[in-house]
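Quick note: the coordinates plus some simple rules give every number you see, no bench work behind them. Because the structure is predicted, anything quoted here is derived from the model rather than measured. Counting neighbours? That spans all protein chains shown, and the Cβs are built from the backbone with ideal geometry, glycine included.
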Amino acid sequence: MTVHSVTNLLLSMLVLFFMQIKAEWNTKDYMKREHSLIKPYQGAGMTIPYWDFMGSTIVTNNYVRLTPDSQSKQGLLWNSVPCNARNWQLQVHFKVHGKGKELYGDGFAIWYAKDRMVPGLVFGNMDYFQGLAVILDTYSNHNGPHNHQHPYVSAMVNNGSLHYDHDRDGTHTQLAGCEAKFRNLDHDSHISIRYERDVLTVSTDIENKAAWKECLSVHGVRLPTGYYFGITAATGDLSDIHDIMSVRLFELDLPDDPKEEEDRSQISPSAAFFESPRDHVDDPKPSSLSGIKIFLLMLVGALAVIACVVIGIMFYQKHQENSRKRFY
């Protein structure tokens, strides 16, 4: 074997070696720029490449603010490119803060939905949506048996037939959820939504540990391809600031996934499993008595109690007098 042949053989081996390393790197995940939002945000003029916004949303050099700390605001931020990835992970860097100490709201939601840029009553987005919603709710409506501590993170899959019930904090339609104290933090807050092999996993990084903490994991979630990612926020009688610093979408490369080639573009969003069934409990019916009637009833009751006490005293005194007469 000549020196030239040996050199070519070594070069070929080096090329194969580096190709193998590159292949190993590529089996991880790929950030999809057309579905991501990172600094600098703005393109030409006031536009953001691949993203549309409306409502109270404003774009700065450091964040996209969906709502200011003002009442009755809605902010929408939607990706303009449909996602055709079968398996993906969405990471959102956000900050929720405000001057309210005890009362604040309402929260924001991260969407993977069929329809985009449609304002509505579900944290700024339309109700009866089709797709996935991951809701970061900061205000508890304290509706009896439906109550849980807030802030609260939950997931909901909808085929267009379900109504999100604010009065019950969405508990009757959620897949699962967890408490997460992500408001007014001095450090960064992140959330990860991972959809892999029909398993939906939501994790948070809100403890400044640079590590994901699982919030929920649900099997049997079927989501179509071709839907849009979006983030919306809303305030009502209470308010808060909802800021988005970055959005990163990674396509997961799963070469051994038998469903990788399955056409998911026409299926309907569905979930095989929900949180432990919770019977629907109707709210107590409001009283038909007015405030004046209630006051009069309380007054009559108080007078009746006083009358009973007076009669009791008179009866006791009469009884004592009779006893003394019998004694003498």
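Between D257 and F295, the modelled label-to-label distance comes to 6.5 nm, taking each label 7 Å out from Cα in the direction of the beta carbon. Its Cα centre serving as origin, segment 110-232 has a Cβ charge dipole (Lys and Arg +1, Asp and Glu -1) of approximately 260 debye. In this structure, the residue pairs whose Cα-Cα separation is over 22 Å, taken from K73/K99; K73/K213; K114/K181, are K73/K213; K114/K181.
Distances between placed amide hydrogens fall under 5 Å for G107 paired with T138, A234, all partners being 5 or more residues away or on another chain. How many angstrom lie between the Cα centre of segment 209-258 and the Cα centre of segment 82-126? So the separation of the two Cα centres works out to 9 Å. Near the amide H of Y164, within less than 5 Å, lie the amide hydrogens of Y128, all on another chain or at least 5 residues away, with H placed in the peptide plane.
In this structure, the amide hydrogen of N84, modeled 1.01 Å from its nitrogen in the peptide plane, lies closer than 5 angstrom to those of G226, counting only residues at least 5 positions away or on a different chain. Computed from backbone phi, the HN-Hα couplings of segment 113-118 come to 9, 6, 9, 10, 6, 10 Hz, rounded to whole numbers (Karplus: 6.51 cos²θ - 1.76 cosθ + 1.60, θ = phi - 60°; Gly and Pro given as x). Rounded to the nearest 20, the Cβ-based charge dipole of segment 187-264 about its Cα centre (Lys and Arg +1, Asp and Glu -1) stands at 160 debye. Placing +1 on the Cβ of every Lys and Arg and -1 on the Cβ of every Asp and Glu, with nothing else charged, gives segment 154-210 a dipole about its Cα centre of roughly 100 debye.
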